[in-house]
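First up is the structure itself, then whatever we jot down about it.
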Amino acid sequence: MTVRNPVLTVPLIVAGVCLAIPFVAMLWVDSYARLTPALIGIPFFYWYQMLWVLLSTLLTVIAYVIVRRREEAVRRERHAGGERG
């Protein structure tokens, strides 16, 4: 049995970028360190961070789906290859 090294593909890079975006957004403090514009009386600083909670969830789900599809494709490929060989 041979062990293959994981191959870095475009979908996996996209998944990684989806996971990195929230970190960059939260580490770039100057982008949200202010009080205006307020949303229904809530200062920008707070609602911006709460918005990123939702966006981070969405981006994590997208990354998860991409990785799971890749794993399924690899599993199908191995299974099909095992039946032929």
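The values are calculated or read from the model by the stated rules, or taken from the named source; none is laboratory data. Being a predicted model, the structure only gives us computed values, none of them experimental. Cβ sites come from the backbone with ideal geometry, for glycine too, and all protein chains shown count toward neighbours. With ligands, DNA and RNA removed, areas are computed over all heavy atoms of the protein, side chains included. Shrake-Rupley method; radii C 1.70, N 1.55, O 1.52, S 1.80 Å.
Could you give every pair whose Cβ atoms fall below 6 Å, whose first residue belongs to the stretch 17-32 and is under 24 Å from Y64 (Cβ atoms), and whose second residue is open to solvent by less than 20 Å² (accessible area, probe 1.4 Å), counting only separations of at least 6 or pairs across chains?
Listed pairs, sorted by first residue: C18/A63; L19/A63.
Just a yes or no: is a residue in the stretch 41-53 assigned to a loop (DSSP other than H, G, I, E, B) and more than 22 Å from the chain's Cα centre (by Cα)? Before the answer, list the steps.
Of all residues in the stretch 41-53, those assigned to a loop (DSSP other than H, G, I, E, B) come to 41, 43.
Filter once more, keeping what is more than 22 Å from the chain's Cα centre (by Cα): 41, 43.
Yes, because at least one residue in the stretch 41-53 is assigned to a loop (DSSP other than H, G, I, E, B) and more than 22 Å from the chain's Cα centre (by Cα).
Quick check on G85: is it modelled with pLDDT under 90, of a type outside the set (S, T, N, Q) and open to solvent by 60 Å² or more (accessible area, probe 1.4 Å)?
Working: modelled with pLDDT under 90: yes; of a type outside the set (S, T, N, Q): yes; open to solvent by 60 Å² or more (accessible area, probe 1.4 Å): yes.
Spelling it out, G85 is indeed modelled with pLDDT under 90, of a type outside the set (S, T, N, Q) and open to solvent by 60 Å² or more (accessible area, probe 1.4 Å).
For the structure I just gave you, tell me whether V14 is at pLDDT 85 or above and either in a helix (DSSP H, G or I) or among the aliphatic types (A, V, I, L, M) (or both). Please lay out each step first, then the result.
Working: at pLDDT 85 or above: yes; either in a helix (DSSP H, G or I) or among the aliphatic types (A, V, I, L, M) (or both): yes.
Criteria met by V14.
Provide a single number: the residues in the stretch 46-69 that are open to solvent by less than 70 Å² (accessible area, probe 1.4 Å) and either at pLDDT below 90 or among the aromatic types (F, W, Y) (or both).
Number of matching residues: 3.
Hey, can you tell me all the residues within the stretch 10-34 that are among the hydrophobic types (A, V, I, L, M, F, W, C) and exposed (fewer than 10 other Cβ atoms within 10 Å of the Cβ)?
Here is the first cut: in the stretch 10-34, the ones among the hydrophobic types (A, V, I, L, M, F, W, C) are 10, 12-15, 17-21, 23-29, 33.
Once the filter is applied, which keeps residues that are among the hydrophobic types (A, V, I, L, M, F, W, C) and exposed (fewer than 10 other Cβ atoms within 10 Å of the Cβ), the stretch 10-34 yields V10, L27, V29.
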